[in-house]
């Protein structure tokens, strides 16, 4: 929507706004949920980033799988555990994990690996959030500083907009 407005304004009044561009990595355009559908709070198939560790564990251990045997080869392209896990891995680690699934990695072991990767990946963010939760005044100060900066930038942009439409 912002892009559409910026394009229309720029076409009418001249180049004023920088056009926003989406930044969506193709491999994460749709993140699968724990049930295989698109991850969504409304579907109830999410893994909480900042919830209790046991809640994340319960969500990950509850990921829906098929009825393949423990040591049967599994297709990483259709394995929900792998599809989520690969989001946290480098390309070489993704390939290695895919090979493990093709060689019969059990879903239980895959879920344990995913949980470990998930907790490791978000550990620093979770710690920082805990620190901020203990310092609400600091959070309010950061927000106030951001508001001042945003207001300054908005005023500069509005000056340009007024010039472009002939109001100043």
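General remarks:
- When the chain is treated as a GNM with alpha-carbon contacts under 10 Å, the residue of 11, 54, 45 showing the greatest mean-square fluctuation is 11.
- Relative contact order computed over segment 61-168 (Cα-Cα under 8 Å; 6+ residues apart), in percent: 25 percent
- Per-pair calculated FRET efficiency, R0 = 25 Å: residue 29 and residue 65 via Cβ, rounded to 0.05: 0.60
- Prolate/oblate/rounded call for the chain, Cα gyration tensor, a/c under 1.5 rounded: prolate
- Shape category assigned to segment 34-114 from the gyration tensor of Cα positions, a/c cut at 1.5: prolate
- CD proxy at 222 nm, helix term only [per DSSP H run n ≥ 4: -39500 (n - 2.57); per residue of the chain; nearest 500]: -19000 deg cm²/dmol
- Separation of alpha-carbon centers, segment 104-168 and segment 1-79, rounded to whole Å: 17 Å
- Angle of helix 91-102 to the longest C-alpha principal axis of the chain, folded into 0 to 90 degrees and rounded to 10: 30°.
- With a simple spin-label model that places each label point 7 Å from the Cα along the Cα-to-Cβ direction, the separation between residue 6 and residue 151 comes to 2.5 nm.
Any read-out appearing in this document is the output of simple, stated calculations on the displayed coordinates, not a laboratory observation. Predicted, not measured: the structure shown is a model, and the values here were computed from it. Note that each Cβ is placed from the backbone with ideal geometry, even for glycine, and that neighbours are counted across all protein chains shown.
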